[in-house]
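A.B. asks: First, the structure itself, so that you have it in front of you.
The values are calculated or read from the model by the stated rules, or taken from the named source; none is laboratory data. Computed from a predicted structure; not experimentally measured. Neighbour counts run over all protein chains shown; Cβ positions are idealised from the backbone, glycine included. Ligands, DNA and RNA are excluded from the accessible area calculation, which covers all protein heavy atoms including side chains. Shrake-Rupley method; radii C 1.70, N 1.55, O 1.52, S 1.80 Å.
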Amino acid sequence: MGLLCILTLMADTGLCSPALDLHKVTESVNLSTYGFQYQIVDASILPEEVIDYKAEKSWQPYKKESALNLGFSDKALWIRLSVSNFSRLQKVRKYLYINYPFVDDIQIYSTSESESQIKLVSQTGHMQPWETRPIPSRLFLFPVDLSMGTKQTLYIRLTSTDTLIAPLWLWDIEAFSRHESKTLMALGMFYGTIIIMCIYHLTIYIKLKDESILLFTLSTALFGILATFLNGIGGEIVSGNEILAKWSRPFLTLLVGYFLVYYSQVFLKLDAYSPNLSKVFNFLKYFALFISLSFIFLSYRSYIILALLVASIACFCVFFANLFVLVQGYKPAAYFIGGWFIFICSVIYYCCAIMGFIESDGLDFYVLQIGSSVAVLSLALGLSDRINLERSNRIEAQKKAYLARELAFSKEKEAEVANAQSKAKSDFLAQMSHEIRTPMNGIIGVTELLRDTSLDQNQTQFLDVLEGSGKSLLTIINDILDFSKIEAGKLEIENINFNLEKLLKEIESLIRAQLQLKSKVSFNIKVSDNVSKNLVGDPTRIKQIILNFLTNAIKFTEQGVIILSVETTDTSDFLKFSVKDSGIGLSEEQRNKMFSKYSQAESSTARKYGGTGLGLAICKMLSELMQGDVGVDSELGEGSTFWFTAKLPVGEEFDDKDENAVNIEQLSTLNILIAEDNPVNQLVISKLLDSLSCSYEIAENGKRALEQFQNKNFDIVLMDCEMPEMNGYEASTAIRDFEKSSDLQATPIIALTANVMKEQIELCLQSGMNSHLGKPIKKSPLIAELSKFLSKG
């Protein structure tokens, strides 16, 4: 009776808040705005001590728009609320609603005017089994019953290891049912969206095997599970399991943070756009993973604070990474910006609300679900755009690859056609060269033989014309072959030691022979003092260019002087060769096309002076192969200066004596086998050997040559390549096989053929021949070639 008197006294004196008439609660009342009294005490203090009249001064009034929020606190929060029923209804029932799922322990005490003591009405909480809840609900719902004309004081004790928030409402059951139905419908739409997103993107992942799609699916699924705990739905699943009930939310928060960071890193292609930012993300996601497993040695409060901190930092990092990559031109990042901004704002608001930094009525906690829904949809749009972009890139890449394959195939076909054409051209040129050189061998060979006979003046003159015509025709053939080789890339430049002085003497000897018919034209050679005599290069090609220039100078100069000059240049290892004449000269138009293919100064030039127009074009190509250049300085009517440069490093001094020089009488000791099917060439070769007093036998084909070789010893074999029954290549191979099987010393075989192409010469050597001598055959080269093998005879 004493306690009842005290309570009645408090009510009468106004120390307790005015009683709330339950009959007047038709919808809902936010008790924070209505007003109640509270006190914060140590959790170990007993209820009797808190309610005792001596502690009356500890009660404080509370009347704000927001819910009472202690943040992280070890204290116990006591709330005192008075209710009454002064209606005509025999009994009124309303429902006390605590709209926050993470209260560990809730104890509700009550007393009334007719009762003499305080009693525990209900006890439940987040850490309590689900069965302890008076009404099964995802949050906490308690019935409050009052009979007509009675008043009751409720004492609510709240404790939590999580943030301690008291969003208290008083609901009419019908209004609450309508409200909860709408809430559950919204949550159903939210979870339905999550499930649909996960299934849809999982299907896409199975098809595309894109890592970012899988990471997005995992992030979304984990966030959906986390949301069940934030909404109180997950509490029923883990009810009774203290560990799961306590640690699930921070653990899932960290896992969501890990996968969101990982997903963003892959989606935004940070490895490509910003390797340093990617390293930050690597640290952040592995730190989140490490913290998620640290509940073993961390207190719950430290664990939940770290989880919220890591999640917030992760959101900021992802947002700024999106901005960075968007600035870099990655368009799919644009979808992230708005969604992440809303999500970050909702996360910040939620964290601040539950930690008490901002005022909230408890309903505002749903802002996290709203923000996350927008973010998920935005991420899904961004992912869809990325998939479409990559599909477009893939299609574009496939298209480019297809076009590249088509182009490669086309080029391959073109190359095959070009190679076939080149081969056909080479084969044609080789055949024409062979067919032209074979009769030329007869013409030039017989001409040379005739010079050793008694001739009168007219016959000598006729012979000179015949020999000159033959040489001109041979020059044309050589120009065509050289031009074809250079165009086909088959002409190679030698790099050998040679003596410049000897080369110039050979050129001078040839030129003075040509100048015999032009008595009014003189020829001089000028070599600068700083030009080395010993050089490294291709003397044959240098000689070819100089002779071409000099031949043209002689052709177009009727009187005056022709000067061949050799000098150094400003570039190391390069020499400049110049041929200056006092001939007809060239106009500017003529100079511009002088080194073009098949070009001459004018159409009448060919008729008057002859030539193919290939000589200077070949000179230009040869000079470029020697890393140099070519040009002409000329004025019409004032002569011309043709010049070219070539890289010719200084070589070592060497003895340039002819090691093969012998007494011609020694050649008379040779017994030679001639393999030749053409009667004219047989005549030419036999007469040349007769002049050297050599012994010889003639075989009209390769098969006959092999038989004669097997039956008799020969010192040297002169082998034609193109013969009936057995060609020269086959005959040479057969001879080498015979020598090997008979254990005989190899007999020198010299190819004596009109086949002068490089590949044809290589084929000669591959078939077993030792050397090559091209037709038309002249006496001096034949003597030199026979002399090489004299000691082996």
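A.B. asks: Which loop-located trypsin sites (Lys or Arg not before Pro) does the range 762-793 contain, where loop means any DSSP state but H, G, I, E or B and the Cβ has at most 16 other Cβ atoms within 10 Å?
C.D. replies: On the way: sites: 778, 779, 788, 792; in loops: 778.
Those that pass, being in a loop and sparsely packed, are 778.
A.B. asks: I'd like the Karplus ³J(HN,Hα) series for the range 156-164: coefficients 6.51, -1.76, 1.60, θ = phi - 60°, whole numbers in Hz, and an x wherever there's a Gly or Pro.
C.D. replies: In residue order, the calculated couplings are 10, 10, 10, 9, 6, 7, 8, 5, 9 Hz.
A.B. asks: Over the Cα atoms, compute the radius of gyration (one decimal) and Dmax (the largest Cα-Cα distance, rounded to a whole number) for the range 189-284, in Å.
C.D. replies: 15.6, 49
A.B. asks: Now for a separate question. Taking only the C-alpha atoms, wrap a convex hull around the range 531-578 and report its volume per residue in Å³ as a whole number. Intermediate results must be reported in sequence, preceding the final value.
C.D. replies: Numbers: hull volume 4.1 nm³, N = 48.
Hull volume over Cα atoms, normalised by residue count, gives 86 Å³.
A.B. asks: Here is a follow-up. For the range 553-596, would you read off the P(r) tail past 11 Å as a percentage of all alpha carbon pairs? Kindly include the intermediate steps, with their values, before the conclusion.
C.D. replies: On the way: 681 of 946 pairs.
Tail of the P(r) past 11 Å holds 72 percent of the pairs.
A.B. asks: With every protein chain kept in place and ligands, DNA and RNA left out, what is the accessible area per residue of the chain? Probe 1.4 Å, answer in Å². Don't skip to the end; give the middle numbers.
C.D. replies: Values: 39160 Å² over 793 residues.
That works out to 49 Å² for each residue.
A.B. asks: When the chain is fully extended, how far beyond the present Cα-Cα distance does residue 451 get from residue 27, taking 0.36 nm per residue of separation? Could you put the intermediate results ahead of the total?
C.D. replies: Numbers: separation 424, 0.36 × 424 = 152.64 nm, distance 13.80 nm.
Between residue 451 and residue 27, full extension yields 138.8 nm more.
A.B. asks: Once the whole set of protein chains is in place, how much accessible area is left on residue 23, using a 1.4 Å probe, in Å² to the nearest 10?
C.D. replies: 90 Å²
A.B. asks: I would also like to ask the following. Can you give the alpha-carbon Rg of the range 680-781 over 2.2 N^0.38 Å, where N counts its residues?
C.D. replies: On the way: Rg = 13.1 Å, N = 102, 2.2 N^0.38 = 12.8 Å.
That ratio works out to 1.02.
A.B. asks: Per residue and in Å³, how big is the convex hull formed by the alpha-carbon atoms of the range 84-178?
C.D. replies: Numbers: hull volume 9.5 nm³, N = 95.
Considering the Cα atoms of the range 84-178, their hull volume per residue is 100 Å³.
A.B. asks: So what's the net charge close to residue 126: Lys and Arg +1, Asp and Glu -1, counting the other residues with Cβ under 9 Å from its Cβ? Don't skip to the end; give the middle numbers.
C.D. replies: Values: positive: 246; negative: 104, 105, 162.
Result for the local shell: -2.
A.B. asks: Just to check, using Stokes-Einstein with a Kirkwood Rh over alpha carbon pairs, what's the diffusion coefficient of the range 139-220 at 25 °C and 0.890 mPa s in µm²/s?
C.D. replies: Result for D is 140 µm²/s.
A.B. asks: Give me the angle, in degrees from 0 to 90, between the Cα long axis of helix 333-354 and the longest principal axis of the Cα atoms of the chain, rounded to the nearest 10.
C.D. replies: 30 degrees
A.B. asks: Follow-up. Restricting things to alpha carbons, tell me how big the range 730-793 is in terms of Rg and Dmax, in Å.
C.D. replies: For the range 730-793, the Cα-based Rg and Dmax read 12.5, 36 Å.
A.B. asks: By how many degrees, between 0 and 90 and to the nearest 10, does the Cα long axis of helix 457-487 differ from the longest principal axis of the chain?
C.D. replies: 10 degrees
A.B. asks: I'd like the distance between the alpha-carbon centres of the range 754-786 and the range 207-278, rounded to an integer number of Å.
C.D. replies: If we compute the Cα centre of each part, the gap is 83 Å.
A.B. asks: Give, as a single signed number, the net charge of other residues whose beta carbon lies under 10 Å from the beta carbon of residue 278, with Lys and Arg counted +1 and Asp and Glu -1.
C.D. replies: In short, +1.
A.B. asks: Another one. Please report the antiparallel percentage of DSSP beta bridges with both residues in the range 627-773, rounded to the nearest 5. Intermediate values should be presented prior to the final figure.
C.D. replies: Values: 5 of 20 bridges.
About 25 percent, rounded to the nearest 5.
A.B. asks: According to a simple spin-label model (label point 7 Å from Cα along Cα-to-Cβ), what is the distance in nm between residue 179 and residue 41?
C.D. replies: It works out to 2.9 nm between the two label points.
A.B. asks: Treating the Cα atoms of the chain as identical point scatterers in vacuum, please give the log10 of the normalised Debye intensity I(q)/I(0) at q = 0.04, 0.07, 0.08, 0.09 Å⁻¹, two decimals.
C.D. replies: Debye curve over Cα of the chain, log10 I(q)/I(0) at q = 0.04, 0.07, 0.08, 0.09 Å⁻¹: -0.49, -0.70, -0.81, -0.93.
A.B. asks: For the range 223-341, what is the largest minus smallest coordinate of the Cα atoms on each principal axis, given in angstrom and ordered from greatest to least?
C.D. replies: Largest to smallest, the principal-axis extents are 52, 28, 17 Å.
A.B. asks: Ignoring any ligand, DNA or RNA, what whole percent of the accessible area of the chain comes from carbon and sulfur when the probe is 1.4 angstrom? Please report the intermediate quantities before stating the final value.
C.D. replies: Working: 22050 of 39160 Å².
Carbon and sulfur: 56 percent of the exposed surface of the chain.
A.B. asks: Continuing with the same structure: Going down the table (687/779; 505/576; 687/778; 411/620), which pairs top 20 Å between alpha carbons? Spell out each step's value before the answer.
C.D. replies: Details: 687/779 10 Å; 505/576 18 Å; 687/778 11 Å; 411/620 29 Å.
As for pairs spanning more than 20 Å Cα to Cα, those are 411/620.
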